[in-house]
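The values are calculated or read from the model by the stated rules, or taken from the named source; none is laboratory data. All figures in this text were calculated on a predicted structure; none of them were measured in a lab. A quick note on method: Cβ atoms are made from the backbone with ideal geometry, for glycine too, and the neighbour counts reach across all protein chains shown. Protein only, heavy atoms only, side chains kept; ligands, DNA and RNA dropped before computing areas. Shrake-Rupley method; radii C 1.70, N 1.55, O 1.52, S 1.80 Å.
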Amino acid sequence: MPELPEVETVRRGLESAWRGREVTGVELRREGLRYPFQADLEERLLGARVVDVWRRAKYLLVEFDNGQVMVSHLGMSGKYTLVAGNEMDAKSASNPMISEDEFIENKHDHVVFHFADNSYGVYTDHRRFGFIFSLDKEDVDDNKFIAKIGPEPLRMEGVWGESLWDANQFAKKIQNRKSPIKTTLLDQQIVAGLGNIYVCEALHRTGIHPEKPANELLTKSGKASKKMVDLVAECQLILKEAILAGGSTLSDFKGVDGSLGYFPHQFGAYGKEGDACNQCSRGKIARIVQGGRSTFYCPKCQK
Ligand SMILES: [Zn+2]
């Protein structure tokens with residue numbers, strides 16, 4: 001599943017490749033993905049130019065010069081492949097496009113965005129949990145998916161809106177919250193887009209037991225404890241590291257098949273059940289299930 005750093009990578013790729021391009025067609029090859037496509041999706045975007053590409057949590061927001069904003073969620077397996085209309089774009093190091101010869105068609109290519117310069121973007125999603133729709137810019141903040149999202153974990157360019165997570169705000173939100181810290185951090189209304197992998201890693205690095213009740217990380221007066229401040233900082237650091245690992249130049253963002261957004265991760269705890277802990281070297285990484293998701297942690301050093 002694409003996590004926030006991967007969605008950010010896709011955002012940067014789309015921004016670099018699509019900004020300024022004019023839509024000449026939106027080819028829908030099935031009725032819908034997770035939801036049916038809007039009947040007028042193509043009509044909304046036809047003739048419009050891409051102005052900006054934003055991200056809010058794991059939602060991509062492509063803004064057009066006619067006031068439309070196309071929202072795209074990659075679901076479990078969504079990918080974009082950007083195919084250049086000319087050799088110069090395909091060879092440019094600052095452009096994540098591939099040449100037409102390199103593009104390999106896939107039966108899970110469900111949507112194709114065509115541009116005036118003959119370039120195109122292909123949305124592929126074999127599990128079809130992703131979705132795409134377009135709406136008026138002024139309706140974005142009230143949209144049912146966007147409106148309820150918690151603050152953004154990191155301040156960075158390209159983030160839609162202003163809300164930013166920090167330890168004080170986190171403390172306020174969890175005053176009476178006795179649910180485990182792990183599941184609390186995965187609650188998208190508390191903080192947006194912190195995925196399972198990153199939460200496991202941050203708890204491991206800060207020595208916090210994943211089952212610790214969230215409000216036990218508060219001081220007696222209900223403020224953020226030192227541990228909580230460290231945890232928030234670690235979550236942010238891990239996301240930054242992952243975004244950096246996604247590619248130092250835009251051409252590195254492309255996977256072997258030319259698609260954007262998936263890269264290998266290096267982890268200390270996630271997926272390492274039975275391995276020696278790299279934080280304390282006394283424990284072995286264990287796996288438990290919380291809220292239907294695997295948690296990897298060290299029983300020796302996470303308290
Ligand atoms: Zn350990």
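For (1) within 13 Å of Val111 (Cβ to Cβ); (2) outside any helix (DSSP H, G or I), each residue gets a yes or a no:
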site	(1), (2)
Met1	no, yes
Val7	no, no
Gln38	yes, yes
Gly47	no, yes
Val51	no, yes
Met76	no, yes
*Of all residues in the stretch 23-75, which are without any contact (Cβ under 8 Å) to a residue 24 or more places away in the chain and over 16 Å from Asp125 (Cα atoms)?*
Ala39, Asp40, Glu42, Glu43, Leu46, Asp65, Asn66
*Give the number of residues within the stretch 76-99 that are in contact (Cβ under 8 Å) with a residue 12 or more places away in the chain, more than 16 Å from Leu14 (Cα to Cα) and loosely packed, with under 15 Cβ neighbours inside 10 Å.*
3
*Sort out which residues of the stretch 271-303 are open to solvent by 70 Å² or more (accessible area, probe 1.4 Å), in contact (Cβ under 8 Å) with a residue 60 or more places away in the chain and either away from the ligand (no atom under 11 Å from the Cβ) or β-branched (Val, Ile, Thr) (or both), and write them in order of number.*
Gly291, Arg293
*Does Ala242 satisfy the condition of being open to solvent by less than 60 Å² (accessible area, probe 1.4 Å), modelled with pLDDT of 95 or more, more than 16 Å from the ligand (Cβ to nearest atom) and part of a helix (DSSP H, G or I)?*
no
*Conditions (1) more than 19 Å from Tyr120 (Cβ to Cβ); (2) over 12 Å from the mean Cα position of the chain (by Cα); number of the one not met by Met88*: (1)
*Working carefully through the options Val53, Val23, find the one that is under 20 Å from the mean Cα position of the chain (by Cα) and either open to solvent by less than 10 Å² (accessible area, probe 1.4 Å) or under 16 Å from Pro96 (Cα atoms) (or both).*
Val53
*Give the residue that is surrounded by the most Cβ atoms within 10 Å (Cβ to Cβ), with candidates limited to residues of the stretch 191-231 that are of a type in the set (Gly, Ala, Ser) and within 16 Å of the ligand (Cβ to nearest atom).*
Ala202
*asked:* Being in contact with a Pro (Cβ under 9 Å, 6 or more places away or on another chain), of a type in the set (D, E, K, R) and assigned by TED's automatic domain parsing to the domain that holds Gln279 is true for just one of Glu211, Glu216. Which residue is that?
replied: Glu211
*Here is a list of conditions, (1) under 16 Å from the mean Cα position of the chain (by Cα); (2) part of a loop (DSSP other than H, G, I, E, B); (3) buried (at least 21 other Cβ atoms within 10 Å of the Cβ), and Gln188 meets all of them except one; can you say which number that is?*
(3)
*Of (1) in a loop (DSSP other than H, G, I, E, B); (2) buried (at least 21 other Cβ atoms within 10 Å of the Cβ), Arg177 satisfies all except one. Which?*
(2)
